[in-house]
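Below is one structure, written out as structure tokens; comments come after it.
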Amino acid sequence: MKQILAMAGLVLSAFAVPVGASAQATLAGEWRNPHGTVVVRVSPCGNAYCGTISWASAHNREKGNTPGTRVLTNLRPVGDGVYKGSAYDPRRDMDGTATVRQAGPNVMIVKGCAIMGLVCREQRWTRVS
């Protein structure tokens, strides 16, 4: 009986998530900016992730945030739920670097920097159900 319980414990432990570890949620999906005025669809593109505007409020569409515009490109994992790639701000017509960090399965922190890192902006995006 002890041997059966020991074997069952070994089998179950092979499938268990270690204490303190969390299953990493995928970056793919639809994400809303903090103001609820833009939704970006993040999906695999090649061996990285890209983000394309899938919806924008009328005011944001006037500012250049039109559906179909790619705003995140070449996001590649660098560890601990962090991805690095490129960002495009259609409102200002500026390219820069992007750092995306998942702060949970339904929250990601998006930071874009331009002008050699002198101008940076960070937002907390939430997953759209």
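The values are calculated or read from the model by the stated rules, or taken from the named source; none is laboratory data. The structure presented is a predicted model; accordingly, all values stated were derived computationally and were not measured. For neighbour counting, all protein chains shown are included, and Cβ atoms are generated from backbone atoms with ideal geometry for every residue, glycine included. For accessibility, only protein heavy atoms count, side chains too; no ligands or nucleic acids. Shrake-Rupley method; radii C 1.70, N 1.55, O 1.52, S 1.80 Å.
A few comments on the model shown:
- Of all residues in the range 92-119, those satisfying the criterion of being modelled with pLDDT under 95, under 12 Å from the mean Cα position of the chain (by Cα) and assigned to a strand (DSSP E or B) are Gln102, Ala103, Gly104.
- Residue check, Pro44 closer than 15 Å to Glu30 by Cβ, in contact with a strand residue (DSSP E or B) (Cβ under 6 Å, 6 or more places away or on another chain) and open to solvent by 50 Å² or more (accessible area, probe 1.4 Å): no
- Flag if Tyr83 is surrounded by 14 or more Cβ atoms within 10 Å (Cβ to Cβ) and in contact with a Leu (Cβ under 7 Å, 6 or more places away or on another chain): yes
- Residue in the range 50-73 that is exposed (fewer than 13 other Cβ atoms within 10 Å of the Cβ) and under 17 Å from Thr26 (Cα atoms) present: no
- Residue ranges of strands (runs of 3 or more DSSP E) in the range 7-91 with at least 1 members modelled with pLDDT of 95 or more and of a type in the set (Gly, Ala, Ser): 29-32, 38-45, 48-56, 82-89
- Set Val128, Val100, Val119: member being surrounded by 13 or more Cβ atoms within 10 Å (Cβ to Cβ), of a type in the set (A, V, I, L, M) and free of Cβ contacts under 8 Å to residues at least 40 places away in the same chain: Val119
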